[in-house]
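Report on one structure; see the data block that follows.
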Amino acid sequence: MEVQTKRIIRAYLLLIVLLGGLGFLSLAVGSVRVSAADLLAALTAKEGTDMVRHILFDIRLPRMLAALTLGGALSVSGFLLQTFFSNPIAGPFVLGISSGAKLVVSVFMVVFLGQGLIMNSWTMILAAFLGAMVSMGFVLTVSKKIPQMSMLVVSGIMIGYICSAATDFIVTFADDSNIVNLHNWSMGSFSGISMDGVKISSLVVTAAFLGSMLLSKAMGAYQLGEVYARNMGVNIRRFRIELILLSSILSATVTAFAGPVSFVGIAVPHVIRQLFKTAKPIVVIPGCFLGGAVFCLFSDLLARTLFAPTELSISSVTAVFGAPVVIVMMIKRAKR
């Protein structure tokens, strides 16, 4: 037990150190490099040029905080879905939940912008949550008809393609003034998020994260089987509903602010379980949040600096690093 505790502490320390290092690089590195001294001076409000303060507080700091918060949220959402379906391949992007949220937000954006209105953050979250719940309803219906997880994943991929095709159709026939906003958002990016958006997304994510932590004991029992969980006093029906709602809220918040981000919800929980050598939710959920934050900060840093001034979509980078993890995971699962 002592060895396992030491391993868990070391894993948390590693993630925290990586998070701090990547957070610093996200603020310092870019088309305009900011030295550590200038960065510290600007953050402590002691001094600093107007240009440095503008770059930090209006561009890089909101983006860094968004990548941290939304990356963690997406990873926790994936872990909740994997617990619900008892399969490590489940995730909001693969099951089409993110695509459903993307479609409904696109419809809302076109309608609102067509009327000369601007969607606020809460409206975008509500639209994304509605789309996520519709997609989740479809996935649950299929899971009852077809118990095989492989067919469920295929169904999720198909609904993802359908929603993406419908989104492309909407973008094609949208007004020219709307296309730029829709296109940039639909490709997936942490850029352009204001500090107000960061505050609202952080509020929602924090509430959902705390709700997930409160369910950690029930999740631990559920991992040992429905019969065991029921004998431990877990209300299975209510527990499943709570898992669905929390997962949908987390993935919807990510989609509302950053668009669709692929593979984070599948790859990161798997890596965290391997790193911590345990599947206990009370340990893995905070680890997933830190791991998702680290992964998305790293991916976002590459997305905006690798081919600067051209910026890659965040999903392009996360797919490059996340897809191999999923492939290895599926091969190991097939060998077992």
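We did not get these values from a lab; they are worked out from the coordinates using the rules stated. Quantities reported herein were computed from a predicted structural model and do not represent experimental measurements. Cβ placement follows ideal geometry from the backbone for every residue including glycine, while neighbour counts extend to all protein chains displayed.
Below are the figures for this structure:
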{"item": "Mean Cβ count within 10 Å, highest first, over the residues of peptides 315-322, 293-300, 239-246, 12-19", "result": "293-300, 315-322, 239-246, 12-19"}
{"item": "Pairwise centroid distance, computed over Cα atoms, of the stretch 82-142 with the stretch 233-258, Å", "result": "12"}
{"item": "Taking Val205, Val110 and counting other C-beta atoms within 10 Å, the order from fewest to most", "result": "Val110, Val205"}
{"item": "Kyte-Doolittle mean at least 0.0 and Cα axial length at least 18 Å: DSSP H helices in the chain", "result": "2-28, 61-85, 97-114, 121-145, 149-172, 195-214, 236-258, 281-305, 314-335"}
{"item": "Over 15 Å [Cα-Cα, the stretch 256-317], rounded percent", "result": "54"}
{"item": "Most fluctuating residue given options Lys144, Lys102, Lys217, as computed from a GNM of the chain linking Cα atoms under 10 Å", "result": "Lys144"}
{"item": "Two-decimal log10 I(q)/I(0) for the stretch 10-81, as the Debye equation yields it once each C-alpha is a single scatterer, q = 0.19 Å⁻¹", "result": "-0.81"}
{"item": "Order of Met133, Met64 under a 10 Å beta carbon neighbour criterion, fewest first", "result": "Met133, Met64"}
{"item": "Exposure proxy ranking, count of Cβ atoms within 10 Å, fewest first, for Ile236, Ile266, Ile8", "result": "Ile236, Ile8, Ile266"}
{"item": "Most mobile listed residue (Gly225, Gly78, Gly292) in the chain, GNM with C-alpha springs under 10 Å", "result": "Gly225"}
{"item": "Nearest-0.05 FRET efficiency for Ala165 and Gln223, computed from C-beta distance (R0 35 Å)", "result": "0.45"}
{"item": "For the chain, fraction of C-alpha pairs farther apart than 33 Å, in %", "result": "26"}
{"item": "Separation of alpha-carbon centers, the stretch 149-171 and the stretch 288-336, rounded to whole Å", "result": "21"}
{"item": "The stretch 2-335, relative contact order [Cα under 8 Å, separation at least 6], %", "result": "31"}
{"item": "Estimated 222 nm signal from helices in the chain, with DSSP H stretches of n ≥ 4 weighted -39500 (n - 2.57), rounded to 500", "result": "-26000 deg cm²/dmol"}
